[in-house]
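This report concerns only the one structure given below.
Only the coordinates and a few stated rules stand behind these numbers; no lab work does. Here the structure is a predicted model, which means the values were calculated and not measured. In this analysis, Cβ positions are derived from the backbone assuming ideal geometry, glycine residues included, and neighbour counts consider all displayed protein chains.
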Amino acid sequence: MTTAPALRQRIQELREDVSAEGDALLARWKPWILRRDFSYSARNLAHYLALRKRDLRSLQEALMPWGLSSLGRCESRVLPTLDGVLASLDSLCREKTPGVEHPDERAYFRGLRFLARRASRALGPEPPGRHVRVMVTLPPEAASDYAFVRDLLSGGATCFRINCAHEGAAEWEAMAAHVRRAERDCGLPARILMDLAGPKMRIGAVSEMLRIEKGLQFVLTHEAPSAGAQPVEVSCAEPGIVEALEVGERVMIDDGSVVGTILGRVPKGVLVEVVRCKGKKLKPEKGLNFPDSDLTVQPLTEKDRDDLDTAVRLADLIGYSYVQTAGTSAFFRTSYAAAFPEPGGKWESSRRSRRRAPCGICPRSSCAPPAPSPSAS
């Protein structure tokens, strides 16, 4: 069993490192933080990212026998949790860490209060009798079968996702109309999320379809796979991706059910070895993800720009992916502002009766919060 003084020293060092790294990351974000009420959350997020870069398992196990927090549920309160653990260890060791006290209850749960308010703003009020919302991705039949959508809402769904990678504007209009009609008929609120397709980060073709096993090696290429190639060749449908990959970075397939590591470069691309898998087949159209790679992927394709015109009329929420920098977010905001009709236009008048609380991200002056003062963080 680890002694209390040894644990105290480890927590002190962890808190110092997380605080310093988180504050440095926050300083990089600061020019992009436009909402004053996000400052606290941004700081906590920066500290959370700094904390989660570390393997905490041995420390967590050492804390448990002492009856102290294992740091496993600290997402909304990183520094308050570390302060609480450190203050308890101070008491056990009859020592005092300068500037560290047990946080009071209100300060400790401040992050959870922010989370609850923002969840209600984005996803609607909590349904009676439960704390969770249920999001349902609408299938094609939702465009033609009103009863199907109504039954989903009455059965507990609170948010409906429209995947803009499938169907088209006419079908999305019909789906949204069914959701709004179901709201009226059931007397229940609902949100609509329209998820823009984004770049096509998918497997384009494979030289051979086979079951993926740990240890399998394949070549990820931007070229057309050669029949019978060994190792198996897999093409990435999005141009410019393979060239940006580096040795040691991860390649994920099918929402992370397959994880590979890049071993090196080969003439047609990069050689990848599977290090974790869940019995999947290597075949076209499976999603690709590159969590460690610095990719210069344009987040909004021409199709996304066209779809955005429809989304801003129909949706309460818009989803988009491949955000890697604050500049990417700014690019989306600019495109969103260009697509948004002026106040008093068709979108505004058709939805005035269902106006939400100010969202803090919408570019309309009627919805955006006051601009922060130069001294605001």
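Going by the alpha-carbon gyration tensor, a ≥ b ≥ c the square roots of its eigenvalues, is region 4-118 rounded (a/c under 1.5) or, if a/c is not under 1.5, prolate (a/b greater than b/c) versus oblate? Cα axes put region 4-118 in the prolate bin.
Report note on the peptides 232-239, 181-188: ranked by the mean count of other C-beta atoms within 10 Å, highest first, their order is 232-239, 181-188.
With neighbours defined as other Cβ atoms within 10 Å of a residue's Cβ, the residues T261, T296, T81 order from fewest to most as T296, T261, T81. With the simple spin-label model, which puts each label point 7 Å out from Cα in the Cβ direction, the F331 to D306 separation comes to 2.0 nm.
Here region 203-289 is assigned +1 on the Cβ of each Lys and Arg and -1 on the Cβ of each Asp and Glu. Its dipole about the Cα centre then comes out at about 360 debye.
Which is farthest toward the positive dipole end of region 1-53 among L7, A46, P31, measuring Cα position about the Cα centre, with Cβ charges +1 (Lys, Arg) and -1 (Asp, Glu)? Towards the positive end, the residue furthest out is P31. The charge dipole of the chain, taken about the Cα centre with unit charges on the Cβ atoms of Lys, Arg (+1) and Asp, Glu (-1), comes to about 1180 debye, rounded to the nearest 20. Taking a ≥ b ≥ c as the square roots of the eigenvalues of the alpha-carbon gyration tensor, the chain is classed oblate because a/c is 1.5 or more while a/b is no larger than b/c.
I'd like the trypsin sites (Lys or Arg not before Pro) in region 260-342 restricted to DSSP loop residues with at most 11 other Cβ atoms within 10 Å, sorted by number. Sparse-neighbourhood loop trypsin sites (Lys or Arg not before Pro): K278. Positive end of the dipole of the chain (Cβ unit charges, origin at the Cα centre): among L89, M64, L210, the Cα lying farthest that way belongs to L89. Grab the beta carbon distance between R106 and M1, set R0 = 30 Å, and tell me the FRET efficiency rounded to 0.05. Approximately 0.30, to the nearest 0.05. Beta-bridge orientation, the chain: approximately 60 percent antiparallel, per DSSP, counting only bridges with both partners inside. Note on the chain: helix-only mean residue ellipticity at 222 nm, from DSSP H runs of 4+ residues weighted -39500 (n - 2.57) and normalised by residue number, equals -12000 deg cm²/dmol. Calculated FRET efficiency, E223 to S293, Cβ-Cβ distance, R0 = 25 Å: about 0.85 to the nearest 0.05. Across D151, D55, D254, mean-square fluctuation computed from a Gaussian network of the chain (C-alpha pairs under 10 Å connected) peaks at D55.
For the residue pairs K53/K200; K200/K286; K200/K283; K283/K303, the alpha carbons lie more than 22 Å apart in K53/K200; K283/K303.
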